[in-house]
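Step one of this worksheet: look at the structure below.
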Amino acid sequence: MSADQEKTPEARPHRWQMVIDLDRCTGCEACVVACHAENNIRISGAQEAAEGRAINWIRIERYWEGEYPDVKAKFMPVLCQQCADAPCEPVCPVYASYHTPEGLNAQVYNRCIGVRYCGNNCPYTARQFNWFDPHWDPPLQEQLNPDVTVRQNGIMEKCTFCVQRIRQGKEQAEREGRPVRDGDITPACVQSCPTTALVFGDGNDPASQVAQMSKSRRGFHLLESLGTHPAITYLKRLDE
Amino acid sequence: MGASLGSRYIRITGLCGHTYLLFHGRRHMNRSGWKSFGILLLAGTAALAVGLLYSKGSADSAAQDRQPIPFSHKFHAGQLKLDCLFCHRSAHQSPTAGVPSLKLCLGCHQNMDAEKAGIQTLLAHWNEQRPVSWVRLQRLPDFVYFTHERHLAHGLQCATCHGQVEHMSGTPRAATLEMGWCLSCHQQRGASQDCLTCHK
Amino acid sequence: MKQGSVGWNDMPAINRDLLAPLSPGGRGYVLLVVLLAAIVSAGAGAWIYQIETGIGQTNLHPPIFWSAYIASFVYWIGVSHSGTFISGVLRLSKAEWRRPITRIAELMTIISVVIATLFVFYHLGRSWRWYYLIPYPNQREIWPDFRSPLMWDATAVLTYATASTIYLYLPLIPDFALARDRIGGWRRPIYAALSLGWQGSQQQWQALNTAIRIITPLIVMVMISVHSIVGYDFGMSLVPGWHTSIIAPYFVVGAVHSGLGMVAIGLYLVRRTYRLESYIRLEHFDKLGKLMVAMTLTLAYFYFSDQLTVWYGKVPDHMAILHSLMSGTFAVPQWTMITLIYVLPLITLTIPAFRHWPLGMMVIGLCINVGMYIERMLILVPPLAHPRLSYNWSDYFPSWVELTIMAGSFALAVLLYVLAVKFVPIISIWEEKEGHLHGRESH
Amino acid sequence: MVENHTRVGLLALFPPEADMDTSRRRLEEAGIRQEQITLLSPIPLAAPNTEAHPPFWPYGITIAAGLVGIGIGLFFSAGTAALYPLVTGGKPIVAAPVVGIISYETMMLMAVVVTFVTMILRIRRARDLTVEREARIDDGRLALSVRDIHHDQEATVRKIMEQAGALDIRSVSADLPLLEGQPSAHVVGMLALCCLAMAGCSQDMQEQQSYQSQEAPRLHSPSGSIPRDSRTVISRETLAADRMSDRAKELFRINCLPCHGESGEGTGPVAPYLKQLPANLRAPRVRALSSTEIYDIITQGKDMMPSFLGELSADERMVLASFVESMKPYSLPSQR
């Protein structure tokens, strides 16, 4: 396939991966806010949020365990798992959803016509749809990230692992004539996590932190039985 | 691209500046052929009208090179042999090539005999500290990620995409700047054809 | 040459009877058309509103990305199976009783395929970009992805729409020629163009009959494939309630079920309105009723097999859906559906006397269709509402925009039918004549 | 061939009981060829008729069309891979079951459509074999059309028809008026093309709300803020290595050459248009300057020369200054 002929400075292509340590996650939602700010995610407002239409590329799923008063809240950040065998990709009739050579499940916004099949076929409900045109009360539109398209109504969107940051990181490395180093690239959620529960890096680099951590004995994948081979490894909580 | 496909396709450029490729195959037209041609024309106009309703019409894509000051690339780049990068200074270090500041224009022009009307206007702008609102002619849609820096770093010449402006009095679009045009060059030069290379 | 004189002498009467519906309608007809047009424009207005503001005008929300529009699409594709089944399968099996009802059913096919296609456009987030689904040389240098079941669907529906239009048109050619000769006014040139210069010579009859003979088995195969592929849209996905291998045959049988119900409604209304009692006889309702019993039993069998497998397997993801259907959120529509499409038809249609009661047959047809509409919604919504990560469980009911568009489309279907009846002889005249003759000869 | 006006067609209406086979035989005995005779009926007649036509014609065409359809299906479902190389991260974009399904549908489509078109052509061709249409057949009659008869034969044919029990016999001139029913397939085709003309006219997301480069400023940056990617400054120590590098030459070519000329003698292409002549960088006056002083001139400007403070970064100016300093002294006698 042409993917193998991709010309990157290094011989080996990247495979972007993330590790989420559930033991460190406090459910503070800093990642959610950072993601909104970085990726121009439309602000839905209270009404739409109540209708279940709030768009979040990363969300903190909260599960309650036990009976009152012995209740425990467990948090799990869920974002697009960037599956290696993603169910969302082949069902797109227009190639808006496809697999990049670096293992991302990409969404090309201006190709999308909004059939929403990918949304149905994502077992993680990670894909979001723009039900209306986005709107920002002035002067909030001034904080929009010019490197990320503002999605209009009628198209699907999802976590990109902050592909604009990946692109910048790779360009900077190329400018300086060196390979991308571990830690050069951090998606907004990873950068903002106060407990460093999220770790991002190149899984093909055996020395990277993400490759080391994903080998942990606590590691598991979300809905592993479906065979989607996610790029995100969760680490179990220690009390389990 | 036109050259590589020219033999097989007819190229039709629509009102919005988009190019369509049609298989080239003319048949003998009889009377009812002309009748259907008339219907085609009518229906085509209707279809275009509907299409235009949705196109908010970006002024720059089809705009004529009518600048507030009659600037000539032919003179500056051709006769004076100024390098493109002298004015479009950020092309080799940033995604955008940039338009020269008034100060850069004045660097030369305040030391010249200001006879021409255009130069008078330019000086007037400078004296009033009012920027010149140049009309933008070369523009990609905002959902496209394009960087001049990477393209120059890989040895592309300005003229490859923008044409030989040193021979043009105006600066019309030398290329369609459409996806197929970008892709064909990426294919030829073995550059990445991953969608996310250019789509953001 | 053997011509029973009785049959041949019937012909002027048949012409008169069957061309009569083409005469201009009265005040009631105009009133009906105006009323339907009003509902259609309401639907169109709702659609424009939805395009202008966004798909958010529906009540969709994650994880329910498909619902009323796709359910309606599936339903209308299902209704379209009336024509091909009645006309295709019965023509193949040379069932004589099909003659007066084929045209009524085939017209339903075309109109419901058109309506179904409309629902695809209602559903698209950016419907003005629909042409991304067509493979043609373009400046983007990219074609659609045929791996997507939706592309299979698009291809299949295109084939089906084309084939069934042709299939409706073929036996119409001699009838258009008759109408050309007998009906004046503005319609004459149209009939003349559509009759392709038909004269009734033996070469022409042979060409027509051969074409019909070839196309009939083909269209039956297309019919089975098209609804299977509509089923694959669901079956190919990972969604728990959808990912089942029975879904394709289940969809096909369900489609025929609602199609037959629709034919019962159409038969009753056409017969009553145009006093065609001597053509659409009680015998037809009886035979239709028997077919409907067979379909009800087949569908019930598929349904039972599917749900039994789920229930016995006890896979939690699947059980969540089954619970919500049997006793949870969706219990009321679920049991209504079961009553309407299984229980009521089985109770009534198995009684021979009932099958000879046209009004009753119409009511059962109506029940089946309402039930099948609910059934399509229930195939879509409960599985989507119960994704594997239970954090995202949800609920759904159509919004007023969705309901208006659905009502508008329904009105459009009726309107098209009502208009078509004034243009197309609703009973195939030459086939009816042929049937009369064959009938006389065999008796 | 005999001229048209000497030949006529005869159209006779018969009751359904009429024995058409006998009449036909008698006509043939009278010297009328088979293909001149057509029998019109309101329903297909089961009786075998003697009009010759190959019975197999449509099946072969249908099968051929189906095969072409399979080809079309293959082309479309595998076309993207063949025509447009797509990057799909190593995932296959052609799959056998998919190709099968698409080819099945296109096969059916082609088979049905081509059979239909063949039938239309045949119906329309058969039309020319009949003198004229006879509307009264639909009331349960038969009609016999004998076309292209010579005047001499007309009476014989009429007689045979009358004997067979014709209800009415019409004589029609042989040059027939054109019948209705012009196919308008290409109109439909062209309308379909028009739909394609809409392609690409919508401009969704082309203009973003976010602040884009080369857009007029909306807000001023807060005072005291620093641009995110300010250009780096390199220390003087590293300059020596860089001194004669390509970078310096490139910077000189872009920024200095227009006025100072390629060799630095102040004879650049812009020079003739200026009020004064630019400095000769090889003149002793310039040669006497240190690189720091040259740096200052580049930064601040001098006389006519504009300041390059905003245009070049500090290290770029430094590189340039070193480059100018290293230029060889002017060797020709004239001096500026």
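The values are calculated or read from the model by the stated rules, or taken from the named source; none is laboratory data. Source: prediction; values computed, not measured. Glycine gets a Cβ as well: all are built from the backbone with ideal geometry, and neighbour counts include every protein chain shown.
Observations
- Boolean, C:LEU288 is under 21 Å from the mean Cα position of the chain (by Cα), assigned to a helix (DSSP H, G or I) and either of a type outside the set (Gly, Ala, Ser) or crowded, with 21+ Cβ neighbours inside 10 Å (or both): yes
- Subset of the stretch A:126-150 (residues that are crowded, with 18+ Cβ neighbours inside 10 Å and more than 7 Å from every other protein chain (Cβ to nearest Cβ)): A:ALA126, A:ARG127, A:ASN130, A:PRO134
- Qualifying position, being within 27 Å of C:VAL226 (Cβ to Cβ) and buried (at least 18 other Cβ atoms within 10 Å of the Cβ), among C:TYR279, C:TYR342: C:TYR342
- The condition of being surrounded by fewer than 24 Cβ atoms within 10 Å (Cβ to Cβ), polar (S, T, N, Q) and either within 13 Å of the chain's Cα centre (by Cα) or away from chain A (no Cβ under 14 Å) (or both) holds for only one of C:SER82, C:SER93, C:SER112, that being C:SER93.
- Residue match in the stretch A:102-120 (condition: in a loop (DSSP other than H, G, I, E, B), more than 10 Å from every other protein chain (Cβ to nearest Cβ) and buried (at least 18 other Cβ atoms within 10 Å of the Cβ)): no
- Enumeration of residues in the stretch C:129-170 that are in contact (Cβ under 8 Å) with a residue 40 or more places away in the chain, of a type outside the set (S, T, N, Q) and part of a helix (DSSP H, G or I): C:PRO149, C:LEU150, C:TRP152, C:ASP153, C:ALA156, C:VAL157, C:TYR160, C:ALA161, C:ALA163, C:ILE166, C:TYR167, C:LEU168
- Yes/no for C:SER228 being surrounded by fewer than 23 Cβ atoms within 10 Å (Cβ to Cβ), closer than 29 Å to C:PRO387 by Cβ and within 17 Å of the chain's Cα centre (by Cα): yes
- One residue alone among C:THR329, C:THR309, C:THR339 is outside any helix (DSSP H, G or I) and within 30 Å of C:SER394 (Cβ to Cβ), and that residue is C:THR329.
- Scanning the stretch C:222-230 finds no residues that are at pLDDT 90 or above, in contact with a Lys or Arg (Cβ under 8 Å, 6 or more places away or on another chain) and more than 17 Å from C:PHE73 (Cα to Cα).
- Listed conditions (1) buried (at least 21 other Cβ atoms within 10 Å of the Cβ); (2) at the interface with chain D (Cβ under 10 Å from one of its Cβ atoms) are all met by C:LEU260, apart from (2).
- Taking the criterion of being of a type in the set (Asp, Glu) and in contact with a Ser or Thr (Cβ under 7 Å, 6 or more places away or on another chain), the only residue of the stretch C:298-343 that qualifies is C:ASP306.
- Count of the stretch D:275-293 residues which are under 60 Å from the mean Cα position of the chain (by Cα) and surrounded by 13 or more Cβ atoms within 10 Å (Cβ to Cβ): 5
- The residues of the stretch C:263-276 that are hydrophobic (A, V, I, L, M, F, W, C) and more than 12 Å from C:MET361 (Cβ to Cβ), listed by number, are C:VAL270, C:LEU276.
- Selection within the stretch C:231-257: residues that are in a helix (DSSP H, G or I), within 14 Å of another protein chain (Cβ to nearest Cβ) and among the small types (Gly, Ala, Ser). The member of this set that is surrounded by the most Cβ atoms within 10 Å (Cβ to Cβ) is C:GLY231.
- Selection within the stretch B:122-177 - acidic (Asp, Glu) and within 14 Å of chain D (Cβ to nearest Cβ): B:ASP142, B:GLU149, B:GLU166
- Hits in the stretch B:82-121 (condition: out of contact with any Cys (no Cβ under 9 Å at 6 or more places or on another chain), within 11 Å of another protein chain (Cβ to nearest Cβ), among the hydrophobic types (A, V, I, L, M, F, W, C) and farther than 30 Å from A:GLU174 by Cα): B:LEU106, B:MET112, B:ALA114, B:ILE119
- Checked against (1) part of a loop (DSSP other than H, G, I, E, B); (2) surrounded by fewer than 17 Cβ atoms within 10 Å (Cβ to Cβ), D:PHE308 meets all criteria but (2).
- Any pair with Cβ under 9 angstrom, 6 or more apart, that starts in the stretch D:15-31 at a residue that is at the interface with another protein chain (Cβ under 8 Å from one of its Cβ atoms) and surrounded by 17 or more Cβ atoms within 10 Å (Cβ to Cβ) and ends at one that is among the polar types (S, T, N, Q) and in a helix (DSSP H, G or I): D:PRO16/C:SER5; D:PRO16/C:ASN9
- Candidates D:ARG124, D:ARG133, filtered to the one that is in contact with a Gly (Cβ under 8 Å, 6 or more places away or on another chain), at pLDDT below 85 and not aromatic (Phe, Trp, Tyr): D:ARG133
- Each residue in the stretch A:200-232 was checked for being in a strand (DSSP E or B) and in contact with a Pro (Cβ under 7 Å, 6 or more places away or on another chain), and 1 of them qualify.
- Test: residue in the stretch C:194-210 that is touching a residue at least 60 places away in the same chain (Cβ under 8 Å), out of contact with any helix residue (DSSP H, G or I) (no Cβ under 6 Å at 6 or more places or on another chain) and within 10 Å of chain D (Cβ to nearest Cβ): no
- Condition met for B:SER133 (among the hydroxyl-bearing types (Ser, Thr, Tyr), more than 30 Å from D:GLY89 (Cα to Cα) and over 15 Å from the mean Cα position of the chain (by Cα)): yes
- Set side by side, the residues C:TRP143, C:TRP186 differ, and just one is aromatic (Phe, Trp, Tyr) and buried (at least 24 other Cβ atoms within 10 Å of the Cβ), which is C:TRP143.
- Looking across the stretch C:211-225, the residues that are of a type in the set (Val, Ile, Thr) and more than 8 Å from every other protein chain (Cβ to nearest Cβ) come down to C:ILE212, C:THR216, C:VAL220, C:ILE224.
- Residues located in the stretch D:57-95, provided they are within 14 Å of chain A (Cβ to nearest Cβ) and over 27 Å from the mean Cα position of the chain (by Cα): D:GLY89, D:GLY90, D:LYS91
- Subset of the stretch D:111-148 [more than 26 Å from C:MET11 (Cα to Cα), among the hydrophobic types (A, V, I, L, M, F, W, C), crowded, with 18+ Cβ neighbours inside 10 Å and more than 8 Å from chain C (Cβ to nearest Cβ)]: D:VAL114
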